[in-house]
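Right, one structure below, let's go through it.
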Amino acid sequence: MVLPPSNPQEVQQFLSAVLSQRGPSSLPYDEPTKWLIRQHLLNLISSYPSLEPKTAAFTHNDGRSVNLLQADGTIPMPFHGVTYNIPVIIWLLESYPRHPPCVYVNPTADMIIKRPHSHVTPSGLVSLPYLQNWVYPSSNLVDLVSNLSAAFALDPPLYSRRRPQPPPPSPPTGYDSSLSRPPSADQSLPRPFPPSPYGGGGRVQVQHVHHQQQSDDAAEVFKRNAINKMVEMVHGDLVSMRRAREAEAEELLSLQAGLKRREEEINRGLKEMVDEKETLEQQLQVISMNTDILDSWVRENQGKTKNLVDLDVDNAFECGDTLSKQMLECTALDLAVEDAIYSLDKSFQDGVVPFDLYLRNVRLLSREQFFHRATASKVRAAQMEVQVAAIAGRLHS
């Protein structure tokens, strides 16, 4: 445990030091919220100087122990015109300030927790509507302590133990009786906690203690023990139910995440299938168009070879239109340039053509080949438009 500071300046230095630590010894709070945690604690200490910030080990229900910040001290509780000091510990858990802190009533050895209490369990855990309705980032520690003080003023959670005073000794023979009389109310020892708001004065008389001992019969003791046992059982059942519900919630969240991941995979696969379908439909249209073109060509040229005896290869194909003739010329020139470049490469490797002549000719031939290919690309696009228009005309007819 880190010792608490003693003045406001030391409080600021203490909080800045513990919240700026890095490494294994650092406090387990989110970095973006550490400044807000520091501000909450400074406002709390400024409004309630009886509370002091500390760091201590907090043990969770599952056995994990973690070093956390706490505000330890007392908060004022007005009751019947008298202000009492209720000792509490406010733990700032790892998820603070997005989630509420954990508040415990911390009775001393001379105090007892009231049973039953509307806001405090027998273990000292405090449950208030302000904690249950915690809203980040508007909720803060100053308002929490103010709500604690107001709730405790309506139903105090602690009262002091009633401890009987020893009977006054009998005065010895021969001494003045005034020297051995029992102490008065003004001479009684002060209590560490103010008088109980549930009755009893500053001093308990021997007769009252004797009457209290007689009233604590077996039935009352059995009733008290039974109530305590029932409270412990209900608390244990609530803890078990909470753990079971948390486990079920975790399982459902994990299942939801898996289903969401599968949904994304299905949507992604469906989109890929739709894209592939569109691509196949486009390819099918191109294939159908090419098939129609080939069928038309076969029908037109089916009877031309019957009367041919001597077939000239150069005149075997006749271009049907200007675009086809231009396309044939561009393709022939492109292939011719390709053959010329190949021959130059071979000659250069054999050492027949010098390097500078080789580069100059290749540059000239490449430039000429580029223009032939660009012209062929434009002719091909024009042919495609003509074919599409022809197919559309046949479909409409």
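What the table below lists for this structure:
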{"item": "Relative contact order (percent, whole number), the range 1-132, Cα cutoff 8 Å, 6+ residue spacing", "result": "16"}
{"item": "Relative contact order for the range 311-397, counting Cα pairs under 8 Å that sit 6 or more residues apart, in percent", "result": "39"}
{"item": "Pairwise label distance in nanometres, H80 with T322, each label 7 Å out on the Cα-Cβ vector", "result": "11.8"}
{"item": "Extension gain from A381 to S46, taking 0.36 nm per residue of separation minus the Cα-Cα distance", "result": "112.4 nm"}
{"item": "Contour minus Cα-Cα distance for Q283 and S65 (0.36 nm per residue)", "result": "71.9 nm"}
{"item": "Candidate lysines for bridging to K325, where Cα separation is under 21 Å - those fewer than 8 sequence places away on the same chain excluded", "result": "K304, K378"}
{"item": "Residues L252 and I391, FRET efficiency given R0 of 51 Å [Cβ-Cβ distance, rounded to 0.05]", "result": "0.30"}
{"item": "Ranking by accessible area, most exposed first, for I391, I37 with a 1.4 Å probe", "result": "I391, I37"}
{"item": "Peptide ranges 143-150, 74-81 listed from the most packed, as the mean C-beta count within 10 angstrom indicates", "result": "143-150, 74-81"}
{"item": "Accessible heavy-atom area order of L154, L128, L238, highest first, probe of 1.4 Å", "result": "L154, L238, L128"}
{"item": "Karplus 3J(HN,Hα) series, Hz, for the range 101-117 with 6.51 cos²θ - 1.76 cosθ + 1.60 (x for Gly, Pro)", "result": "x, 10, 10, 10, 7, 10, x, 7, 5, 9, 10, 9, 6, 5, 10, x, 10"}
{"item": "Hits among aspartates and glutamates - C-alpha to C-alpha of K34 under 17 Å, sequence gap 8 or more where chains match", "result": "E94"}
{"item": "Anchor K223: lysines whose Cα lies under 17 Å away (excluding residues fewer than 8 positions away in-chain)", "result": "K114"}
{"item": "Size of charge dipole - the range 27-120 - debye, nearest 20, with Cβ of Lys, Arg +1 and Asp, Glu -1, no other charges", "result": "140"}
{"item": "Accessible-area value, D30, 1.4 Å probe, nucleic acids and ligands omitted, Å²", "result": "80"}
{"item": "In Å², nearest 10: area of L27 left accessible to a 1.4 Å probe", "result": "10"}
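The values are calculated or read from the model by the stated rules, or taken from the named source; none is laboratory data. Note that the structure is predicted; figures quoted are calculated from it, not measured. Neighbour counts are summed over all protein chains in view; Cβ atoms, including those assigned to glycine, are modelled from backbone coordinates with ideal geometry. Accessible surface is based on the protein model in full, side chains and every heavy atom, while ligands, DNA and RNA are left aside. Shrake-Rupley method; radii C 1.70, N 1.55, O 1.52, S 1.80 Å.
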